[in-house]
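Q: Handing you this structure, nothing more for now.
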Amino acid sequence: MDSKNNADLLDKLRIDRSQREFKQTPRARWLALAVGALLAALAAAGYFLFVRDTAMAVGTASAFAATGQSTAVLQASGYVTAEREATVSAQIQGMLTQVDFQEGQYVHRGQILARLDDSTQRAVLAEARAQLGALRARSVEDLVQLRLARLDLARDQALIGEHLVSEQGFDDARAQVDSLAAQVLTQEHNVAVALAGLQAAEVQEGYTVVRAPFSGVVVDKQAQMGETISPFFGGGGFTQTGIATLVAMNSLEVDVDVNEAYIDRVHAGQPAVAVLDAYPSWRIPAHVIAIVPTADKSKATVRVRVALGSEDPRILPQMGVRVSFLRHSSSAERARSRLAVGMVWVPESAVVRRGARQVVFVVEDRRARMKAVTLGRRRADLRAVRGIDAGSTVVRAPPRRLADGARVIVKND
């Protein structure tokens, strides 16, 4: 009896499964779906806000300098050199009293770099001016005497016909005129000599001011204020021969040594590509200036001068560089190469339209900067453009919502 009562009691406590499913399904299931949809909407909104603030992960591609379809026939290593480089010095010996430049400073042609002690030159100049003034005064005095002598001669010539003046007196008057005329001529020459001396003194005084012979950058400062400099090497160790080394940055070129066994592959005007050791992904268009007509017998090489097709502050003298000499192209290819000067290759997908402009997004300081570009020809999945620098990192396939200045996460692929 007790066992039967226990069984009945357990049956009453058991939950009917069909009733539980019937009660939960219409309400709990819809509630779960609503909560899931709300969470999905919040996640999408949060993702959109994150993307708007930090842009998106992008692929990067290095832009290559346009070099046409030419292939490299030879590679050689060398250094960046300056065609115009000078050690600036004074033209006279003297002590520096003023130095107006620092290393790394850009100076213009004719700009004052330094001054020497000019006390001696100023004294010589003052003496020359005084001497010239004295000679000019003496010349004026001689001119006055010559004028009076000519008047006396004219009167004697009028009186000699009336026998009021002797022949001897007339001859003396004429000799006086000739003598004074010669003296005046001598004084004129003396004045000319004194004037030349004054100009020489002015030149010497000007030599105390050292000016930049051309525009460029000071790469080495060799003397300080108070030191004695001289255009000649004294050998004593206390006299500097130069003040500074000046380099014209617009005259940079590349000197490479080519093995003489392969020099027949290089020709003047030949296209080339230069790659700096410091920027291995930056390909700089170049061409051969000349082959120096002599060989180095110790190294069995020939020096080749190569012009760079880009003026960029990243290019510095004495930088290591690798040059790839390209095969000569046809006339049509050379014409296309001339049109492609300044163009770089970027992925075709990096070029998009914004309004009426074709643009490329360049990554600078983790931000996408919109750059308007001019389109060139296509090559496979690449496009030649002008308006960005070679070596720039560009955004591949930028989305429509990507704005100028948006943050990006660089992901190289």
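Q: Kindly state, to the nearest 0.05, the FRET efficiency for Ser166 paired with Val203, given R0 = 56 Å and r defined as their beta-carbon distance.
A: After rounding, the FRET efficiency stands at 0.50.
Q: Please compute, over every Cα-Cα pair in segment 156-309, the percentage with a separation greater than 22 angstrom.
A: When every Cα pair of segment 156-309 is considered, 73 percent fall beyond 22 Å.
Q: Once Lys and Arg get +1 and Asp and Glu get -1 on their Cβ, which of Ala182, Tyr106, Gly206 lies farthest toward the positive end of the dipole of segment 106-230?
A: Value computed over the given set: Tyr106.
Q: Follow-up question, since we're still on this one. Note down, for segment 344-404, the three equivalent ellipsoid semi-axes (square root of 5 times each alpha carbon gyration tensor eigenvalue), biggest first, whole angstrom.
A: In descending order, the three semi-axes are 17, 13, 11 Å.
Q: State, to one decimal in nm, how far the label point of Asp389 lies from the label point of Gln224, with both points 7 Å from Cα in the Cβ direction.
A: That separation, rounded to one decimal, is 3.5 nm.
Q: Also: Work out, step by step, the length gained on full extension between Ala300 and Asp152: first 0.36 nm times the residue separation, then minus their alpha carbon distance; give nm to one decimal.
A: Length gained between Ala300 and Asp152: 44.4 nm.
Q: Let me ask something else. Can you compute the modelled spin-label distance between Asp255 and Leu316, with each label point 7 Å from Cα toward Cβ, in nm?
A: About 1.9 nm, to one decimal.
Q: Let me ask another. Work out how much length Arg407 to Arg109 would gain on full extension: take 0.36 nm times their residue separation and subtract the Cα-Cα distance, in nm to one decimal.
A: Taking Arg407 through Arg109 to full extension adds about 102.9 nm, to one decimal.
Q: So, one more: In segment 75-182, what is the volume of the convex hull around the alpha carbon atoms, normalised per residue and reported in Å³? Please list the in-between numbers first.
A: Details: hull volume 26.5 nm³, N = 108.
Spelled out: Cα convex hull of segment 75-182, divided by residues, is 246 Å³.
Q: Oh, and also: How high is the FRET efficiency between Gln91 and Ala290 when r is their beta carbon distance and R₀ equals 25 Å, given to the nearest 0.05? Write down the numbers at each step before the final one.
A: Working: r = 32 Å, r/R0 = 1.29.
With a Förster radius of 25 Å, E is 0.20.
Q: Using 0.36 nm times the number of residues separating Arg138 and Ser179, minus their current alpha carbon distance, what extension gain do you get?
A: Details: separation 41, 0.36 × 41 = 14.76 nm, distance 1.52 nm.
Here the segment from Arg138 to Ser179 would lengthen by 13.2 nm.
Q: Let me ask something additional. Can you compute 3J(HN,Hα) from phi for each residue in segment 219-227, using the Karplus curve 6.51 cos²θ - 1.76 cosθ + 1.60 with θ = phi - 60°, rounded to whole Hz and x for Gly and Pro?
A: In residue order, the calculated couplings are 9, 7, 9, 10, 9, 10, 4, x, 7 Hz.
Laboratory data are not the source of any read-out in this text; all were calculated from the coordinates shown. Please read all numbers here as calculations on a predicted model, not as lab measurements. Glycine gets a Cβ as well: all are built from the backbone with ideal geometry, and neighbour counts include every protein chain shown.
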